[in-house]
1. Which condition breaks for residue 417 when tested against (1) surrounded by 19 or more Cβ atoms within 10 Å (Cβ to Cβ); (2) modelled with pLDDT of 85 or more; (3) of a type in the set (Phe, Trp, Tyr)?
2. Working carefully through the options 360, 379, find the one that is part of a loop (DSSP other than H, G, I, E, B), charged (D, E, K, R) and touching a strand residue (DSSP E or B) at 6+ places or on another chain (Cβ under 8 Å).
3. Name the residue, out of 748, 730, that is touching a strand residue (DSSP E or B) at 6+ places or on another chain (Cβ under 9 Å), open to solvent by less than 30 Å² (accessible area, probe 1.4 Å) and either small (Gly, Ala, Ser) or in contact (Cβ under 8 Å) with a residue 40 or more places away in the chain (or both).
4. Of the residues 236, 228, which is surrounded by fewer than 24 Cβ atoms within 10 Å (Cβ to Cβ), under 14 Å from the mean Cα position of the chain (by Cα) and at pLDDT 95 or above?
5. Scan the stretch 363-376 for residues that are open to solvent by less than 30 Å² (accessible area, probe 1.4 Å) and not in a strand (DSSP E or B) and jot them down.
6. Return a yes/no flag: does the stretch 585-599 have any residue that is open to solvent by 10 Å² or more (accessible area, probe 1.4 Å), over 29 Å from residue 651 (Cα atoms) and either within 24 Å of the chain's Cα centre (by Cα) or of a type in the set (Lys, Arg) (or both).
7. Look at the stretch 463-501 and say how many of its residues are basic (Lys, Arg) and at pLDDT 90 or above.
8. Regarding residue 650, is this residue of a type outside the set (Lys, Arg), in contact with a Phe, Trp or Tyr (Cβ under 7 Å, 6 or more places away or on another chain) and at pLDDT 95 or above?
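The values are calculated or read from the model by the stated rules, or taken from the named source; none is laboratory data. Since this is a predicted model, take the numbers as computed values, not measurements. Methodologically, a virtual Cβ is constructed for each residue, glycine included, from the backbone with ideal geometry; neighbour enumeration extends over all protein chains shown. When the accessible area is computed, the model is the full protein with side chains, heavy atoms only, and any ligands, DNA or RNA have been set aside. Shrake-Rupley method; radii C 1.70, N 1.55, O 1.52, S 1.80 Å.
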Amino acid sequence: MSIFKQAIKRYSRTVLSPFILLLLLIGFSAFYQVHAQNATLRVIAITEDEGTPVIAANVLLTIPGADTLYARSTDAYGFVEFSNIPARDYEIRISYIGYQTYQDIIILEPGSTRIYRPELATDTAVLGELVVSVRRGTTRRDAGMQTITPEDLSRMPTPAPGGDLTMYLQSLPSVVTTGDRGGELHIRGGTPSQNLVLVENMPVIKPFHISNLFSALPQDVLSSVDIYAGGYGSQYSGATSAVLDINLRQGNMRRFQGKAAISPYIVSMQAEGPLSVDNHSFLLMGRYSVIEETGPKLTGEEVPLRFYDLVGRYSINWDGAVCNFTGLHTNDEGRINPVRAVQLSWSNTALGVRCLGFAEELNHAVDITLGYTGYSSSETGIDNFGRASDLKMGYMRMDNRAEFFGSPANYGFKLEFIKYDAVLDDPFAQQQLRAVRFSGLDSQLDELATNLSSYVTLNLEPFRNVSFRPGLVSQINIRDLQPTFEPRLRMSWFPNGNDDLELSLAAGRYLQMNEAINDERDAGTVFYVYKPINERDPYPESLHAILGYRQQFTQAFGLSIEGYTKQHKNIPVARWTREPANTLATGLVESFTYGGDIQAELNFNRWYISLSYGISEVTYEAPSSELVAWIDRPVFRYNPAHDRRHQINLISSLQLGNYTASINYQFSSGGPFTRIFAFDLALLDLPRQNPVTDQGRAMTLFSEPFDGKLPAFQRLDASISRSFRFSPQFGIDAEIGAVNTFNITNVFYYDINTLQQVNQLPLVPYISLTTIIR
């Protein structure tokens, strides 16, 4: 009985304690709401032509004829709330680039909650001075966070109709890809498995295609993307490096429209429209790759890559709520090295519903998400056997607000049920050479994990023009009953009292409760085994620190500078043997990343240019006994393959009449790789073998891991596009361009299995056509 009581006591202390603060916040919120005779204004900003949300619009409340009292930006629903403000008459002004500035007088009565639905009309004239404070493009940064819009994607030459998220992400100085295949993004020193990708709050494991030119999220379905290269707030948990928070468009609420497109890479179709005007709409889009068929004619070499993606949305607008039902499915297959028989595949399936309730009866708007995410991946051909790893997740999330002694606070929780499955076969066909591919793991993995997390963020303004947002995250694996403690902080100072100049800071501690194991020794495979952290093993964790400076010098010119550092602990990496081997045992390393970015942007009405430079260093460190058996040093340090010391990116777009010309130039210093030390003939069966008569087995011997540097990478993509409008209801968009315009030979990696240099894409010309029906 005493053991049972101790277990109950431990459960109460570990599981319930993270929620005590949440209960206090809710209590204070109710008390404050009852006793305060103020008012609340809830704004849903939509477009006049489509009836869909306007995201990131500036909403200002002023006393008529006086200065601004309150300033906020609309969220993914086009929603913003001004709670517990004095009841009086206000002038409201809403501005967003491409739309006419909206102005009106609003009367708020004491104790009332008012829901206001303004409609913004498209602005066909040059933007006026009322929106000069809106931050645009690459300089919209805040301590590691940058907001990406469909307009940003449209400026990139893309070998498919419309822009694509992956192409744009690779133009950021914080993002590194080790090649043009594999669908992997490293963000400020982190690995792909340390990133969290959310699509409408649905976790998606790998929405990037096997060709690194594409993701499952093209421009036509995106509304906005917030990328946090580090230092993200407490509303995000379960990742130790970076976060991509992706919001999708609602389907047109007022008219039907569709697109059909074709290019040498992809064919696509899109349809959207109202099922009930202003209340119900749908959005469907599907894309299928054709580069496997067209690639040999365009490039003169085999391109064994296949993929497709499907995105669907059903949106409902009620008087006091908005709900979006979202489905996403992707599938990828192919070979990173065309001449090597290593077949890779992965697929994502995500289904979810996300609802915002903002009825007048609620003290605060509440955001609720419920859904399912599945991920499957496989690898065949390395050693005549196949392997598979699956992850299935059901989840529920709630985000809300409260008043804590008069200061607003955000809080919420997330519950996840995750099923991990893996089948890991023996690697060698010959029985006498049989060995385990993933050492330390059983041949089959079948585990269930239940994770519970909660967070609180206070939104304080201790001084004029200073925003101070401390937060706390706590995660619990129900198996271990050991809550994590993850303090976070984001801070901004506006010295001039407006948005033109900002100094920002972000810091925090981050943990995740699963890990992904892959063989970093072999760039020809991107197969990962996803699994929960073993009981009594340490969680992967990281510490982040970022300092940022951003200034909008004129309406057309802006500059941002950031310095950052990250420290990761408990990263599983492959242990090295002197000779190549398929057996993979892992050791735990620490990583240290530091660097800086600078981005400058010039944005005139018809000419846009963005130039960025990044410098960084990523270092892994562990006892030599953990990683490299033959090195006689107590600690081994190395720079992994995603260490890129220098990066330069240039994006430019120029509109001349009906034509638009775009270029994207990328340069990066070469990444580390492991050189071959020597070739040898080994006698493995002494003394029965005779050194004089037996030739022995050919062996390749490694030098020290990652002691070499690949040549620098550079690529220029260019395009010219034109829109033809034959009537208000029918048009065609045409684009002609090329990837790697100057046909520069860029090395991807050196395959020790085939003793072959694997190069990235050569010159690839393309023409794309998009038919538009409204």
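1. It is condition (1) that residue 417 fails.
2. Numbers: 379 fails: part of a loop (DSSP other than H, G, I, E, B).
Answer to the selection: 360.
3. Every option except 748 fails the conditions.
4. 236
5. Residues satisfying the conditions are 364, 365.
6. The answer is yes, given that some residue of the stretch 585-599 is open to solvent by 10 Å² or more (accessible area, probe 1.4 Å), over 29 Å from residue 651 (Cα atoms) and either within 24 Å of the chain's Cα centre (by Cα) or of a type in the set (Lys, Arg) (or both).
7. Selection size over the stretch 463-501: 3.
8. yes
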